[in-house]
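Trainee: Take this structure, written in structure tokens, and hold onto it; I'll ask about it next.
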Amino acid sequence: MYTKKIYFAGGSFYELQEVFSRVHGVTDVVAGYINSTVPNPAHEDVLAGATGATMGIEVSFDPKQMDLSSLMDILFTVIDPYVKDKQGDCEGPMYRSGVYYISAEDKPMVEYHMNFIQNRKKALAATSAPITMNDPNHDPVGARKCYAEAMRLESFYPASDLHQNYLKHHAVPRTNIDFALLKDLAIIR
């Protein structure tokens, strides 16, 4: 079976791995560290910000059953690309959001989708209630900025076995992603 790979980041790689492992057409999901400046980084070093790595996932998928655009739609359903270095309780540059491709043929689709995400926010901002310039919450630049990265993958290092499929093996009191809603919407199985 022919498969392709794409790499996603945005908050907890535990949650992203659990979501994408339930998507029809996805054959494998590995939690790990994206674009680390240090070979085979330790989890603690990534959390300390010593590696420049992003915590993310490697998604292997069958392009006959699932396309890249649909996978990116799922990613941007479960993360907020308009928040810098934060998803729920996960905060810091190691939790930044992004899409990282390895195939040159995927670059146009990734760029097209990211352009859509950027312009969607502008359209939503244009339709929201008017804000006065004296409003301390008004940020005309930040309100329209998409912080998700879109770039070629430089490196991916799988996390240790302890971090693989973590949510399948450990009960957690709550997650930032509403898995029940995703199941109700038939996004995941």
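Trainee: Expressed as a rounded percentage, what relative contact order does the chain have, with Cα pairs under 8 Å and six or more residues apart? Display every interim value, and only then the final one.
Mentor: Values: 325 pairs, mean separation 60.0, N = 189.
Computed value for the chain: 32 percent relative contact order.
Trainee: When we measure straight from the Cα of Lys183, which aspartates and glutamates land under 13 angstrom away, once same-chain ones fewer than 8 places off are left out?
Mentor: Glu18
Trainee: Moving to a separate point now. Using the 10 angstrom Cβ neighbour count as an exposure proxy, how do Lys5, Lys107 rank, fewest first?
Mentor: On the way: Lys5 18, Lys107 14.
The order, fewest Cβ neighbours first, is Lys107, Lys5.
Trainee: Take Asp45 and Asp89, extend 7 Å from each Cα along the Cα→Cβ direction, and tell me the distance between the two endpoints in nm.
Mentor: My value for the distance between the label points is 2.7 nm.
Trainee: Fewest first, what order do Thr77, Thr51 take by the number of other Cβ atoms within 10 Å? All intermediate terms of the calculation are to be shown ahead of the outcome.
Mentor: On the way: Thr77 13, Thr51 20.
In order of increasing Cβ crowding within 10 Å: Thr77, Thr51.
Trainee: GNM, the chain, Cα, under 10 Å: largest mean-square fluctuation among Pro81, Pro173, Pro108?
Mentor: Looking only at Pro81, Pro173, Pro108, the biggest GNM fluctuation is shown by Pro173.
Trainee: How high is the FRET efficiency between Glu111 and Thr37 when r is their beta carbon distance and R₀ equals 22 Å, given to the nearest 0.05? Each step should come with its number before you reach the end.
Mentor: Details: r = 25 Å, r/R0 = 1.12.
With R0 = 22 Å, the Cβ-Cβ based efficiency is 0.35.
Trainee: On to the next question. Under 1.5 on a/c is rounded, so check that first for the range 37-94, then, if it is not, pick prolate when a/b is larger than b/c and oblate when it is not; a ≥ b ≥ c are the square roots of the alpha carbon gyration tensor eigenvalues.
Mentor: Here the range 37-94 falls in the oblate category.
Trainee: Residue separation times 0.36 nm, minus the C-alpha to C-alpha distance between Glu154 and Arg22: what's the value?
Mentor: Details: separation 132, 0.36 × 132 = 47.52 nm, distance 2.65 nm.
Additional length available on full extension: 44.9 nm.
Trainee: Output the pairs from Lys5/Lys64; Lys4/Lys107; Lys4/Lys145; Lys145/Lys168; Lys5/Lys168 with a Cα-Cα distance over 24 Å in this structure; if there are none, say none.
Mentor: Numbers: Lys5/Lys64 13 Å; Lys4/Lys107 13 Å; Lys4/Lys145 30 Å; Lys145/Lys168 34 Å; Lys5/Lys168 22 Å.
Beyond 24 Å: Lys4/Lys145; Lys145/Lys168.
Trainee: What is the distance, in nm, between label points placed 7 Å from the Cα along the Cα-to-Cβ direction at Ala186 and at Asp67?
Mentor: 1.8
Trainee: I'd like the distance separating the alpha-carbon centroids of the range 150-174 and the range 65-119, in whole Å.
Mentor: Comparing the Cα centres of the range 150-174 and the range 65-119, I get a distance of 17 Å.
Only the coordinates and a few stated rules stand behind these numbers; no lab work does. None of these values were measured; they are calculated from a predicted model. We place every Cβ from the backbone using ideal geometry, glycine too, and count neighbours over all the protein chains shown.
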